[in-house]
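Comments concern the structure below.
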Amino acid sequence: MKYNYLDALILNSIVSSEKEDCGAELSNIIAYADYVDHAIITLSELNNSIEKLYLDGLVETLDNKNLFVNVIYKSWLNKKLEGKSKFSILKIVEETEKFLINYKNENKSNNELKKVVLFQESEYIKAVERYLSR
């Protein structure tokens with residue numbers, strides 16, 4: 001599965017919404033993606049991206065609920081932002097897409113045995129409602 005802009009947006013939304021002790025909640029991921037892209041991601045878009053990111057080890061779950069980004073991406077992002085007082089969020093997403101493509105090319109792993117936990121429609125609807133009621 002190839003990476004694209006949406007995958008980069010969702011990865012960036014997770015890392016930007018992540019809290020150290022509990023990860024990123026779905027409603028916060030949706031909110032951040034909407035803030036950047038001015039559109040609420042669909043359940044299908046979300047799950048397709050999460051599946052790719054999870055299978056390549058870039059995203060992990062906590063109790064099959066909240067999401068965490070692995071240290072490889074966080075380290076790369078910190079280096080990208082180091083010493084910069086201003087940066088464009090859209091530029092970061094574009095650079096993240098390049099990172100994902102390179103990461104995929106350099107890390108060919110056998111992920112067929114991993115079980116991917118995806119969001120259910122009911123969870124997604126509740127998260128969107130929580131976000132819109134803020």
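A quick yes/no check of all residues on (1) without any contact (Cβ under 8 Å) to a residue 12 or more places away in the chain; (2) more than 19 Å from Ser122 (Cα to Cα); (3) not small (Gly, Ala, Ser):
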residue: Ile10; (1), (2), (3): no, yes, yes
residue: Glu20; (1), (2), (3): yes, yes, yes
residue: Gly23; (1), (2), (3): no, yes, no
residue: Asp56; (1), (2), (3): no, yes, yes
residue: Tyr73; (1), (2), (3): no, yes, yes
residue: Glu82; (1), (2), (3): yes, yes, yes
Looking at region 39-51, can you tell me whether even one residue there is surrounded by fewer than 19 Cβ atoms within 10 Å (Cβ to Cβ) and over 19 Å from Val128 (Cα atoms)?
yes
Got at least one residue in region 6-13 being among the hydroxyl-bearing types (Ser, Thr, Tyr) and closer than 23 Å to Asn107 by Cβ?
yes
Exactly one condition in (1) surrounded by fewer than 21 Cβ atoms within 10 Å (Cβ to Cβ); (2) touching a Lys or Arg at 6+ places or on another chain (Cβ under 7 Å); (3) under 24 Å from Leu132 (Cα atoms) is not met by Asp7; state its number.
(1)
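FYI, it's all coordinate maths here, none of it is from the lab. What you are looking at is a predicted structure, and each value in this text was computed from that prediction instead of being measured. Positions of Cβ are generated from backbone atoms using ideal geometry, with glycine treated the same way; all protein chains shown enter the neighbour counts.
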